[in-house]
Structures are given as C-alpha cells and as structure tokens.
Amino acid sequence: MDANKAASCHLSQGDKALSTTAAADDTAFMRMALDLAKTALARGDFPVGCILAAQGRVLGSGSRRASGGTDANELDHAEMVALRDYYRHPHRKPSGLSAFCTMEPCLMCFAALVLAGVDRIVYAYEDVMGGAAGRDRRGLAPLYRDHPLTVVAGVLRPESLSLFKAFFADPANGYWRDSLLARYTLDQSP
C-alpha cells in the first residue's frame with residue numbers, strides 16, 4: 001500500500017461529507033457519548049465519553065475516570081474504558097467498528113483504537129494540546145500509518161465544548177488547569 005495514500009486518512013468536518021443516515025447515526029451515537037461525558041463531569045472527572053459501535057449497535061462504552069483525587073492516573077481515558085467494555089462484549093465485530101468520542105483521542109487512545117480495528121473515529125471537540133486522530137500519520141510506524149481510517153471532526157462540537165468549559169471554569173477541577181487546552185477552551189465562543 002502506498003504510504004502517502006494510507007497515511008492521509010479521510011478527514012471531514014462535522015456532518016458535511018456524510019450521507020443523511022450516517023450523519024443521523026453519528027449524531028445519535030455522539031449524544032450517547034455526551035451523556036457519558038456529563039456523568040464524568042458530575043463525578044468531577046474530565047468530561048470525555050466514548051461509544052464503540054458497529055452496524056448500528058453499541059458494543060462498548062466508557063467515560064473518563066480517575067482524572068483527579070487519590071487514584072488519579074492517565075490510563076482510564078474514556079476510550080480505554082470503552083475498549084475494555086468492548087472486549088467483554090460477546091458479539092464484538094472487528095469490521096466496521098467506529099469510535100464516537102467527545103474529545104479528539106490522544107496518541108495513546110488513537111493507537112489503542114487502531115490496534116482494536118476501529119476504522120472510523122468521530123469526535124466532537126478538538127484536543128489542541130494532545131489530539132492525535134486528525135494528524136498526518138506519514139511519520140508513524142507502518143502499523144499505525146497504513147491502517148485504513150476515516151476521521152470525522154466536529155460532530156456536536158458546541159455541546160462538547162460546553163462541558164469542557166464547565167470543567168475548566170470550576171476551581172475544584174485541577175486537571176490540566178492553566179494548560180494550553182484549558183486556555184484554548186475557555187477562550188472559545190459558545
């Protein structure tokens with residue numbers, strides 16, 4: 001496979017490049033991910049939710065855990081929690097698997113999603129500090145560079161942005177406080 005062709009994943013903004021049915025599915029699954037993100041925010045965690053779906057069925061779900069407190073860690077990202085749930089699912093389907101994330105997946109989550117066979121990543125809000133899903137993959141190792149992948153950015157972005165604004169505006173939340181991501185988020189218009 002031509003590395004340049006494979007590495008330039010298809011990236012579309014919001015619902016513009018999708019069929020009406022795909023756009024409706026993307027919106028429905030993203031709303032589910034947003035509900036998970038709201039749950040995380042209510043717990044005081046970073047408001048990220050992730051749904052893994054194939055052929056119209058949810059096969060895994062998760063929200064960010066342990067972004068603060070005594071058990072704080074960087075392993076319990078929403079995508080990793082959703083992948084653990086997916087691997088427990090008796091009817092998992094490695095083909096046609098899509099990830100719906102309220103924030104652009106970081107490099108760790110992007111790699112894990114690719115290794116799990118996800119061929120479509122749909123996200124709401126861009127991670128200007130650590131996002132990896134929409135990046136040029138030509139410099140990556142063949143395993144990640146050559147994986148066929150479509151990335152759809154900006155689905156329900158305003159709804160996701162409002163959750164991140166609420167998180168960063170709350171003085172009780174210290175996770176990524178004063179970071180590039182926090183400043184960028186708080187500077188966004190609603």
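Here are a few things to note about the model shown:
- Whenever a residue of region 153-181 is under 20 Å from Ala132 (Cβ atoms) and assigned to a loop (DSSP other than H, G, I, E, B), its partners that are polar (S, T, N, Q) and modelled with pLDDT under 95, lying with C-beta atoms within less than 9 angstrom and at least six residues away or across chains, give the pairs Gly154/Ser12; Gly154/Gln13; Tyr175/Ser67; Trp176/Ser67.
- Selection count where residues are open to solvent by 20 Å² or more (accessible area, probe 1.4 Å) and part of a strand (DSSP E or B), scope region 101-143: 2
- Elements of type strands (runs of 3 or more DSSP E) contained in region 1-81, each with 2 or more residues being modelled with pLDDT of 85 or more and surrounded by 20 or more Cβ atoms within 10 Å (Cβ to Cβ): 49-54, 57-63
- Candidates are the residues of region 170-188 that are under 15 Å from Leu41 (Cβ atoms) and of a type in the set (S, T, N, Q); the one that is modelled with the highest pLDDT is Thr185.
- Pair list, Cβ < 7 Å and 6+ apart or interchain, from region 136-151 residues that are more than 24 Å from Ala22 (Cα to Cα) to residues that are charged (D, E, K, R) and in a helix (DSSP H, G or I): Arg137/Arg145; Arg138/Arg145
The values are calculated or read from the model by the stated rules, or taken from the named source; none is laboratory data. This one's a predicted model, so the numbers in the text were calculated from it and none came from an experiment. Virtual Cβ from ideal backbone geometry, glycine too; neighbours counted across all protein chains shown. These area figures cover heavy atoms from the full protein model, side chains too; ligands, DNA and RNA do not enter into them. Shrake-Rupley method; radii C 1.70, N 1.55, O 1.52, S 1.80 Å.
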